[in-house]
Amino acid sequence: MTFKASILTLYPEMFPGPLGHSLSGRALENGLWELEARQIRDVATDKHRSVDDTPSGGGAGMVLRADILAKAIDTAAPADDPRPRILMSPRGRPLTQQRAHELAEGPGAIIVCGRFEGVDQRVIDARDLEEISIGDYILSGGEIGAITMLDAVVRLIPGVMGNMESAATESFETGLLEHPQYTRPADFEGHRIPDVLTSGNHKKIAEWQHGQAKDLTRERRPDLWQRYISKDSND
């Protein structure tokens, strides 16, 4: 089963963008995953290829129409398509490493990139769109969010990363932020690599790295730290 991402967007030229380079780009070339970017306007019915209209109840901006977007979704994914349907949205649930793993283990995703003031709620409900956010801020559209999410997902697809062991210690994989990393030279502007890392004692190295990860998480992400210690106390 090959992971396939279908992007519904008003700007298909933005893809693959960064996804065409590095790990994800090589994986794309090697057929480990597939990507298609579909122009939402292609299913519009009027000569102007209109996809939006003014918001009901008044207000600034425009809203993507339910009928047009539903047709675009149905064209990209028949009713029996098993892929989850995702809308990149600032009001969605935050993207997590756990959700990235779940998506990477599946057949792919239909990803809707919103624009303007948003998407008609009726198509969100009728097509069971899962709203996902990449952070508490507003972008011009969902394309950057889709690229970010796919980058997080694709690297977890089997065969994409050469060394999956390195991924196991990254930030969020264990519930903690990743420990500091060092490499040569041994002395950089008077700052030396911590002695424990060159000691050859793997047990002490692991203990030091775990301690550093806990300290960083406690200092920088108290929300993650509280979740970590709560889980630890319940185990």
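The values are calculated or read from the model by the stated rules, or taken from the named source; none is laboratory data. Because the structure is predicted, anything quoted here is derived from the model rather than measured. Cβ placement follows ideal geometry from the backbone for every residue including glycine, while neighbour counts extend to all protein chains displayed. What goes into the accessible areas is simple: the full protein's heavy atoms, side chains included, and nothing from ligands, DNA or RNA. Shrake-Rupley method; radii C 1.70, N 1.55, O 1.52, S 1.80 Å.
Working only within the range 219-230, note down all residues that are open to solvent by 50 Å² or more (accessible area, probe 1.4 Å), of a type outside the set (Ser, Thr, Tyr) and either closer than 19 Å to GLN97 by Cβ or in contact with an Asp or Glu (Cβ under 8 Å, 6 or more places away or on another chain) (or both).
ARG220, ARG221, PRO222, ASP223, GLN226, ARG227, ILE229
Specify the residue that is nearest to PRO82 (Cα to Cα); the eligible residues are those in the range 1-52 that are hydroxyl-bearing (Ser, Thr, Tyr) and surrounded by 15 or more Cβ atoms within 10 Å (Cβ to Cβ). Ranking the qualifying residues of the range 1-52, first place goes to SER6. Regarding TRP208, is this residue open to solvent by less than 50 Å² (accessible area, probe 1.4 Å), modelled with pLDDT of 95 or more, farther than 30 Å from PRO12 by Cβ and of a type in the set (Phe, Trp, Tyr)? So TRP208 fails the test. When GLY200 is tested against the conditions (1) surrounded by 12 or more Cβ atoms within 10 Å (Cβ to Cβ); (2) assigned to a loop (DSSP other than H, G, I, E, B); (3) not basic (Lys, Arg), the lone failure is (1).
Contact map, the range 100-118: first residue open to solvent by less than 20 Å² (accessible area, probe 1.4 Å), second residue basic (Lys, Arg) and assigned to a strand (DSSP E or B), Cβ cut-off under 8 Å, separation 6 or more or different chains; pairs are GLY108/LYS4; ALA109/ARG85; ILE110/ARG85; VAL112/ARG85.
Among the residues of the range 174-197, those that are among the acidic types (Asp, Glu) and modelled with pLDDT of 95 or more comprise ASP187, GLU189, ASP195. All of (1) touching a strand residue (DSSP E or B) at 6+ places or on another chain (Cβ under 9 Å); (2) more than 22 Å from THR75 (Cα to Cα) hold for SER140 with one exception: (1).
ARG85: of a type outside the set (Ser, Thr, Tyr), in contact (Cβ under 8 Å) with a residue 24 or more places away in the chain, surrounded by fewer than 16 Cβ atoms within 10 Å (Cβ to Cβ) and within 28 Å of GLU117 (Cβ to Cβ), yes or no? Answer is no for this residue.
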